[in-house]
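Written below as structure tokens is the structure these notes are about.
The values are calculated or read from the model by the stated rules, or taken from the named source; none is laboratory data. These figures come from a predicted structure and were not determined experimentally. We place every Cβ from the backbone using ideal geometry, glycine too, and count neighbours over all the protein chains shown. Calculation scope for accessible area: heavy atoms of the full protein, side chains included, ligands and nucleic acids excluded. Shrake-Rupley method; radii C 1.70, N 1.55, O 1.52, S 1.80 Å.
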Amino acid sequence: MPISLLWAVDVHGRVYSLSTAGQQWERCHDAQMEFKRVTAARQCCWGIACDNKIYLNVHASDLPVRYQEEAYENQRWNPVDGFSERLLPSDRWQWSDVTGLQHQPLDSFQLPSSSWEWEGDWYADENFEGEPTEKGGWTYAIDFPATYTKDKKWNSCVRRRRWLRYRRYKAMDTWVKIPSQQTSLPDPFSDISCGGWEITEEPRGRLSLWAVSLQGKMWFREGICHHNPEGSLWEEIPLPGEVVQISCGPGDLVWAVLWEGQLIVREGIGRDCPKGTSWTVVDSPTPDVGAIHVAVGVNVVWAVTKDNKLWFRRGVNSHNPCGSGWLSMVGEMIMINVGLNDQVWGISWEDRAVYFRQGVTSSELSGKTWKVISVPRDGDRSQSRASTSSLQSAGYYFRGEVCGQSVVSDVETDTEKGSADGVTCYVTSDSPECFADAPTDQPSNLPSDTPKPHIPKVTSDSFISELFSDREPAKTTREAGSAAPSVLEEETVPGEGEVKAPCARLALSPSQSEGPLDPQWSNVDLEEVQVQQAQSGALLESADTCSLSSVATYTLALDDQYGADEHPIWAWVSGGGCSVDSHSHLNWFTSSLNTSSLVQSFQSMSLSVTPAQTTAWRRQIFEQLSERTKKEMDNFRHYEQAIEKTVWVKKGTMQWWRDWKPHKWIDVHFALEQFSGPDGNKDGIIFVYYNFYDEKKYLHAFINEITILVPVLNDSKHTFAIYTPERTKQRWPIRLAAATELEMHDWLALLSVSCCDSRGIQGPPSKQAIWSITCKGDIFVSEPSPRLEAMPYPTPCDQMFWRQVGGHLRMVECNSSGIVWGIGYDHTAWVYTGGYGGGFFQGLASSTDNIYTQTDVKNVYIYENQRWNPVTGYTNRGLPTDRYMWSDASGLHECTKTNTKPPSPQWTWVSDWVVDYGVSGETDREGWQYAADFPASFHGYKTLKDFVRRRRWARKCKLTTTGPWQEIPPIPLCDVTILPCADQSSVDVVPLWAISNKGDVLCRLGVTALTPAGSSWLHVGTDQPFKSISIGGASQVWAIAKDGSAFYRGSVSLQSPAGDCWYHIPSPAKQKLKQVSVGRTSVYTIDENGNLWYRQGMTPSYPQGSSWEHISNNVRKVSVGPLDQVWIIADRVQGTHSLSCGTVCHRLGVQPMEPKGASWDYGIGGGWDHITIRGNAMDPPHIRLPSLTNLSASAPRSPLLVRNTEVNGNAVEC
């Protein structure tokens, strides 16, 4: 999970955040005033300050918030002046928007607020639909409006060009007031809630912000998205009554609490109507006691009634936002908040601590139990460090009792803080031995009727009564003692295992720099605070506290309202941006700052064992053990081995997909026979016993001939495939199915270890390894032999051995320095940690360290198809020859909402079916695409000739596994590339470029072999979104834009890692490129039709090259290595039974004088989706032959020109 933040506000209005990877509350020191409450999302946090105004804090990111302003300059041709600014009266404005209807001169563009700044000046865009225009950026047409072209023709009477300018949001990690664009401001705000980011992914970063005013009115903030985080204006929402509190979930759930205690639910919220349409009233959980607080998530609703009881709403979902009934839950809370993944936080009514609901899963949304978040705050930790350092200093300079009135500990109350500034206290003790033995019973002079410490009550319906500022500055010691008595808010009871310390007296002395103090604002009711002070004043003389050191010095600063041992009083919590789930490992529940740890650290300082002595002691033990082993073994070396050969057999029952027609699953017996010789070498054989017409037969395969073991993508059986070189050529593996998933994983782990043992492969992959990924997301590596690229007889691809590495990725990139990055299906970036194993590999098959939990989320798509008829319009009744009305993308397989399952048993659903509006070709408001017939080219608008339509439905599923991968938060990526360093390279910092899932180009800083994750991102500006990038020799950076055009980045070097500018490279004629890969001197690209292109004419003086040359077709992915090796993933490769989709292929004959190569060698497949050769920098051995042979004879297989459309027969199922 990515690192995210939990936000909270204490009763003094200070804002804190707690990281999911942290162990302390970090105070938001940027806040210049006190806050009442906050509401958080992933990318920002909103808050209401004590002035009742709304503030925004956008989290800093390596990816800036940029917005592109554009304006069009229009001109018309006339016989006298040519093209000029003189337009006809009926023409559009000279400076306009893209439609020409709105007047937009360049000087009319203003910054929305002071939080923005311009990046540069206006400039003309010289790119048009992926092609460069003439200098000046003009495009031509016959008239306004019309279809524009970049070429000027004889009938071009009008022209226009686009001017661009970017503005950047600069107020990152700081609280800024939301500007108002209204003459009449809304009422002062009392509550706020943000959400709605899961309603639609477009526009990017869209949020719904709801606010409630003091008069009970409701407001909605319009226009909040990534490029406009502040929004544009407030719109009032009609209400059935006065509202006191509101909650908005990540999806389409919005609930609010009325003043009378009833609840209302907003209905009609959708992609095109984020504000909803109407309200529905829901009764309070109990008729007599109304609700005061409500919190909603994706599929949950929690409520708090006026008696602080907690309630859970059953049956809530997008189709039934009102739910079906209330369930009473354990616990008493003053407020509650639901975050991502429906996780729940609350503030307890009893102790005002923040609690987390454990056990919340998709199957048990109500959770299991509450657990208090017990971590210190940053101020507490610094105070404890000061006390620890004083253990040494104070103890050497003070002996005996220090004269004073009393002694204070490091635990102090709010009232102490308000009474003195810079108070210094001295703690004394007769001997350090009293740490463990002195009693801590209550002093006898303490009155028996001591009042219970009183905590100010903070309720949700009247959250803050008044801010109080009546604290008078401390003038004398006597006044400080009387006006602000010192007393512990709660009696400290040492827990089991804690060290009990003696009690001492309290002494307060005024600061040397005495002066008036600034009044401290607080969100606590004034009357209750006065009562608390009156109750605690009687205990001043008898209050005893505990000390941790014999003599210690503390400075009681006014900034820290609580001591290390006193929990803060929280008033509000927000987890809307906190991403945790049932698998998350949190360090929130065990505070590392306690009494025992400080005592242990004190005692550890007295140890006399130095590191040098420890090293010598360990070395002595190692030498003794080595000597003993040598004595015991040398006396028996002349004896013969008692056992020269061991045989081990494992048997089981499985099902086998038989090789002959009719193909079907049959029951078989499976056996692995493994043996080891006297030299320790291991080998084995697998047997598959089956019956053929009542005759027992078997097929076998030697372990050292197995090239790969592949889990097969199947939603009904637990299947895996076994490949050998011969079966790789046939594209027909041995397919076996186990009875259970656990049994399949056991066999895969056992067979994988046996194959690695027979080949002598142990430990993690080497730096030169070749990485690949199947369309299922499984990760495989192969150790290349030196002869893999040897000429003229390279190692055939079908003899390469591939082993699986734990984890789940969509793509992977590497280089010869051992740096490996991967990207998951959910666009999360991962870096390789150097381990091996994970997943179903356990024990010796997996490393014990560098293995982490990895999650991945992907979408499963189905299509709803309809045909038009004159009577009923579009319906689900099609022609007999039509595709299924619910199908996959091809229309050949029926896929309904009920029978569609996750890709494999490892995946679980995490959402419901929703209409997908992000389909290529756009959609209408309901998600439909139209066409003349099936199959055809679909578009997002209806015409008179469109008789069929379709729309895509999506549902998210999630996989949780383990592997040697660590997450790189927080920016999601769609592509990454690493400089393919040559063998034995001495480069320290390795250039790494990436593209975010929204098309931004990024350069990673600080990437080295020791720190492969790097340190931070550097944003590289572009005029349009990109989708593919690659860096090669001499730091050549090539990229592909989303419109299919190619770009070259100039002046990239170690001194200037981001380069200076982009050069537009024309694409092949009538083709749109989708992927690029750059080697030492070669550049290859793939277009959207699967054609592979090579860039000709590249020289050091002209690195952009001159033209594109077609190499092959039916190519899915390409990878060019540091030696200009070319490997691809090819489709439609001919096998024995059928065509194979997704096959690893190697380009043969690549030489300096022949960089395009000659032919293809086919390897493992099908079902592969990605490969990278960029780590293999081993120079092939030079072989001298008496006579050169014809390269074509050694590689009889032809390039990929197969155009047959037979059914795919691959094993992994693309």
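Key figures
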| quantity | calculated |
| --- | --- |
| Matching option when the condition is closer than 30 Å to GLU69 by Cα, open to solvent by less than 20 Å² (accessible area, probe 1.4 Å) and either among the aromatic types (Phe, Trp, Tyr) or touching a Lys or Arg at 6+ places or on another chain (Cβ under 6 Å) (or both), among TRP1038, TRP1062 | TRP1038 |
| Number of positions in region 75-85 that are free of Cβ contacts under 8 Å to residues at least 60 places away in the same chain and under 19 Å from PRO145 (Cβ atoms) | 1 |
| Matching residues, region 1136-1156, being open to solvent by less than 10 Å² (accessible area, probe 1.4 Å) and assigned to a loop (DSSP other than H, G, I, E, B) | GLY1142, GLY1149 |
| Residue check, TYR861 open to solvent by 50 Å² or more (accessible area, probe 1.4 Å) and assigned to a strand (DSSP E or B) | yes |
| Residues being out of contact with any strand residue (DSSP E or B) (no Cβ under 6 Å at 6 or more places or on another chain) and either open to solvent by less than 10 Å² (accessible area, probe 1.4 Å) or not in a loop (DSSP other than H, G, I, E, B) (or both) - total across region 1123-1134 | 2 |
| Residues (farther than 24 Å from LEU709 by Cα and open to solvent by less than 50 Å² (accessible area, probe 1.4 Å)) located in region 831-857 | VAL831, VAL857 |
| Selected residue (criterion: nearest to PRO970 (Cα to Cα)) from residues of region 9-35 that are acidic (Asp, Glu) and in a loop (DSSP other than H, G, I, E, B) | ASP30 |
| Residues (of a type in the set (Ser, Thr, Tyr) and without any contact (Cβ under 8 Å) to a residue 60 or more places away in the chain) located in region 327-363 | SER328, SER348, TYR355, SER363 |
| Test: residue in region 891-900 that is in contact with a Cys (Cβ under 8 Å, 6 or more places away or on another chain) and either modelled with pLDDT of 90 or more or within 30 Å of GLY1079 (Cβ to Cβ) (or both) | no |
| Single residue of ALA769, ALA739 found to be small (Gly, Ala, Ser), open to solvent by 10 Å² or more (accessible area, probe 1.4 Å) and on the phi < 0 side of the Ramachandran plot | ALA739 |
| Condition met for LEU101 (in a loop (DSSP other than H, G, I, E, B) and farther than 30 Å from VAL338 by Cβ) | yes |
| Residue in region 649-671 that is β-branched (Val, Ile, Thr), open to solvent by less than 60 Å² (accessible area, probe 1.4 Å), at pLDDT 80 or above and in contact with a Ser or Thr (Cβ under 8 Å, 6 or more places away or on another chain) present | yes |
| Close pairs (7 angstrom Cβ cut-off, 6 or more residues apart or separate chains): among the β-branched types (Val, Ile, Thr) in region 163-179, buried (at least 16 other Cβ atoms within 10 Å of the Cβ) and not in a strand (DSSP E or B) anywhere | VAL176/SER115; ILE178/GLU230 |
| Cβ-Cβ under 8 Å pairs, at least 6 apart or on other chains, region 1079-1102 side free of Cβ contacts under 8 Å to residues at least 12 places away in the same chain and surrounded by fewer than 22 Cβ atoms within 10 Å (Cβ to Cβ), far side small (Gly, Ala, Ser) and assigned to a strand (DSSP E or B) | GLY1097/SER1107 |
| Flag if LEU106 is modelled with pLDDT of 90 or more, open to solvent by less than 70 Å² (accessible area, probe 1.4 Å) and of a type outside the set (Asp, Glu) | yes |
| All strands (runs of 3 or more DSSP E) inside region 936-1027 with 2 or more residues being open to solvent by 10 Å² or more (accessible area, probe 1.4 Å) | 948-963, 965-968, 973-978, 1001-1005, 1016-1020 |
| In region 726-736, the residues that are buried (at least 18 other Cβ atoms within 10 Å of the Cβ) and of a type outside the set (S, T, N, Q) | ARG727, ARG731, TRP732, PRO733, ILE734, ARG735, LEU736 |
| Options CYS45, CYS50: the member that is among the hydrophobic types (A, V, I, L, M, F, W, C), open to solvent by 20 Å² or more (accessible area, probe 1.4 Å), in contact (Cβ under 8 Å) with a residue 12 or more places away in the chain and within 30 Å of GLY346 (Cα to Cα) | CYS50 |
| Region 682-714, residues that are in a loop (DSSP other than H, G, I, E, B) and within 44 Å of the chain's Cα centre (by Cα) | ILE706, THR707, VAL712, LEU713, ASN714 |
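Rundown of residues vs (1) farther than 30 Å from TRP907 by Cα; (2) without any contact (Cβ under 8 Å) to a residue 24 or more places away in the chain; (3) in contact with a strand residue (DSSP E or B) (Cβ under 9 Å, 6 or more places away or on another chain); (4) surrounded by 16 or more Cβ atoms within 10 Å (Cβ to Cβ), yes/no style:
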residue: LYS682; (1), (2), (3), (4): yes, no, yes, yes
residue: TYR693; (1), (2), (3), (4): yes, yes, no, no
residue: THR707; (1), (2), (3), (4): no, no, yes, yes
residue: VAL710; (1), (2), (3), (4): no, no, yes, yes
residue: TYR723; (1), (2), (3), (4): no, no, yes, yes
residue: MET744; (1), (2), (3), (4): no, no, yes, yes
residue: ALA749; (1), (2), (3), (4): no, no, yes, yes
